[in-house]
1. Take the alpha carbon gyration tensor of region 1-70, find the square roots of its eigenvalues, order them as a ≥ b ≥ c, and report rounded if a/c is under 1.5; if not, report prolate when a/b exceeds b/c, else oblate.
2. If you stretched the chain out fully between Ala203 and Leu175, how much longer would it get, using 0.36 nm times the residue separation minus the C-alpha to C-alpha distance?
3. Leaving out same-chain residues fewer than 8 places away, which aspartates and glutamates sit with a Cα under 14 Å from that of Lys103?
4. Pull out a ≥ b ≥ c, the square roots of the eigenvalues of the alpha-carbon gyration tensor of region 18-132, then state rounded if a/c is under 1.5, prolate if not and a/b is larger than b/c, and oblate in the remaining case.
5. So what is the relative contact order of the chain, in percent, for Cα pairs below 8 Å that sit 6 or more residues apart?
6. What longest region of the chain stays clear of GluC sites (Glu not before Pro) that DSSP places outside H, G, I, E and B and that have at most 12 other Cβ atoms within 10 Å?
7. Excluding residues fewer than 8 places away in the same chain, name every one of the aspartates and glutamates whose C-alpha is closer than 13 Å to that of Lys143.
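Just so it is clear, none of the values below were taken in a lab; they were calculated from the coordinates. These numbers were taken from a predicted model, which means no experiment stands behind them. No Cβ is skipped: glycine too gets one built from the backbone with ideal geometry, and neighbour counts run over all protein chains shown.
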Amino acid sequence: MDSMMALDVDLRQREATDWQTTFISAFLLSIITCGIYGIYILYKLMDRRLQHFERMVSLREHLIEVLREKAAATGKTAEVEEDLSQLEGLHLEATARDRAGEKSPVLWLVLTIVFSLVVYYIYYFLNDDFRAHEANEQQFMAKASDIMTTLGIVQQPITPSMVVPERNFVKYLLLTVFTCGIYGIYWWYTLITDPNLHFDNHATWETQLSTALSSS
């Protein structure tokens with residue numbers, strides 16, 4: 001499989017990896033099932049984080065390969081070689097952050113069932129990891145856009161926006177404790193909707209990327 005075909009596979013897998021749900025349906029079904037559906041949602045929130053991050057590792061790798069091939073085809077390898085080296089460095093940094101720590105959904109779900117307070121660590125890394133992932137991704141794509149501009153693939157930068165807010169874990173935890181868990185409902189809402197926004201933003205960016213590369 002050549003690099004462009006591999007990149008297309010990464011792009012087509014978006015629907016499988018970037019799972020979404022609504023807070024209202026998750027909340028109501030959790031009440032109806034006496035919390036059982038809430039356990040399933042917690043698993044899915046962790047699983048979609050893992051699946052999305054791994055898809056993006058693959059997508060970045062294949063995008064670098066595609067850009068190298070297009071640089072060679074246009075005789076501009078020397079012109080963009082330094083930028084490509086920097087792009088590879090950004091990819092390695094982003095991958096190291098995306099894969100930092102053991103974040104197995106099954107493992108952390110079991111730990112939460114056994115030790116209920118573990119759920120707050122899960123809440124912490126679900127927000128913190130997506131925020132860091134988004135920031136690293138924006139840096140990567142800004143550099144990739146510079147390369148694509150040099151190669152004549154795009155006229156305007158193609159970069160994802162920062163849509164996941166930076167949320168203060170200590171503040172959210174204290175408010176949840178002081179309100180006897182009521183604020184935790186809002187916290188749960190953010191853990192569902194923030195990644196949804198990220199995925200929606202991604203869909204727009206990936207469509208622009210696919211169109212630009214296919215027409216170049």
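1. Prolate.
2. Stretched fully, the Ala203-Leu175 segment lengthens by 6.7 nm.
3. Hits, sequence-local ones excluded: Asp47, Glu54, Asp128, Asp129.
4. prolate
5. Working: 185 pairs, mean separation 50.9, N = 216.
After rounding, I find 24 percent.
6. That would be 1-101.
7. Leaving aside aspartates and glutamates fewer than 8 places away in the same chain, those within reach of Lys143 are Glu81, Glu82, Asp83, Glu88.
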